[in-house]
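The values are calculated or read from the model by the stated rules, or taken from the named source; none is laboratory data. Everything quoted here is computed from the prediction, not taken from an experiment. Reconstructed Cβ throughout: ideal geometry from the backbone, glycine too, with neighbour counts over all protein chains shown. Ligands, DNA and RNA are excluded from the accessible area calculation, which covers all protein heavy atoms including side chains. Shrake-Rupley method; radii C 1.70, N 1.55, O 1.52, S 1.80 Å.
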Amino acid sequence: MSNVVRPDSAGRCFQRFRQLLVFHPSSVTTENMQGFNRLSNALHHFRCDKFVPPSLVARNLATVKRFYKRTNILSSGDKYEVTLDQRKLKTPQGRVFEVNSKPLALAVAAEWDAQKETIDRGSMHLTALCNTVLDNPQSRSKIDLVNHVVNCLQMDTILFYSSEVDELYSLQIEKWEPVVRWFCEHYEVDIARTRSIEAPAVSVETKAALTRHLLSRNFNSIYGLVYAVDGLKSVILTLATAARVIDIPEAVSLSRLEEEYQISHWGNVEWHHEYSKHDLQARLSAAMLFVYLNSHSASSRPKNDAPDVS
């Protein structure tokens, strides 16, 4: 058996240990703390090293001053390109940036046009998504992406209920259960919930049903779902948002329910809390727009017909 720690498992254990520190600090031993430190290091490795190529990390951290005045889009056959002044936008690996959807090209151009004196790459979620799909730095196939999402279901945030605080458990039942029931009814599956740190079992039938649904989507839209799942830490909330059963602010609120509960009782660092919340909303909004625009075709237009979006 592999002894590699999965990132979603590490994240869930991290949250549970944090809850233990808050509500039962006297029960935490030295051995617990050593395990927590190892877990924290493993989580940092997965988030910062394993899934993000070092070249992209360096590129995102680099401060670049805005070097263009106007953004525009051009049609090239059945694809659309983005230009910065007269230069074509390129991906981190040097490919010409091109997408199949005109609205998506306009949205990416708008992200670049919204930059001020310094380019903030971390705020351009659509650009990042498109670059990842075009470069595919991990060489992932469609089935790789589908398997990633299906495997994340077992560690879904809204399947883990509090075993320590009855008030929080009641709140989770009230807020999470309607979405879980929708998921089960919509995909005709049954899925267990848990009140322990141990992940609930996901049946072969449930995995097969979810796999069939995801495989019916195209490669790009699945990548958008992966981006959303990794942000929300929830397959169920992601699919409910994509199906418009819940909206984006509600999805973010449900994914942060435990954190919001703890903040309401113990306070928070206001700027960090608000930044984290709004950043997740921006990521999820970009992911849902990316999924939608890659699921609907758009007609092409001649190059000289493309509007200036500056």
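Each part reduced to its alpha carbon centroid, segment 182-248 and segment 130-151 end up 16 Å apart.
Working note: Cα gyration tensor of segment 142-295, eigenvalues times five, square-rooted, sorted largest first, giving semi-axes of 25, 20, 12 Å. Cross-link pairs exceeding 21 Å in C-alpha to C-alpha distance, out of LYS116/LYS277; LYS79/LYS233; LYS207/LYS233; LYS90/LYS277; LYS102/LYS277; LYS142/LYS277, comprise LYS116/LYS277; LYS79/LYS233; LYS90/LYS277; LYS102/LYS277; LYS142/LYS277.
Per-residue SASA remark: SER139, around 90 Å² accessible (1.4 Å probe; ligands, DNA and RNA not included). The accessible-area ordering, largest first, of the residues HIS125, HIS265, HIS148 stands as HIS265, HIS148, HIS125, per a 1.4 angstrom probe.
Classify segment 144-217 as rounded, prolate or oblate, taking a ≥ b ≥ c as the square roots of the eigenvalues of its Cα gyration tensor: rounded when a/c is under 1.5, otherwise prolate if a/b is larger than b/c and oblate if not. Judged from the Cα gyration tensor, segment 144-217 comes out prolate (a/c at least 1.5, a/b above b/c). When you filter the trypsin sites (Lys or Arg not before Pro) in segment 70-166 for DSSP loop state and at most 16 other Cβ atoms inside 10 Å of their Cβ, you are left with ARG70, ARG95, LYS116.
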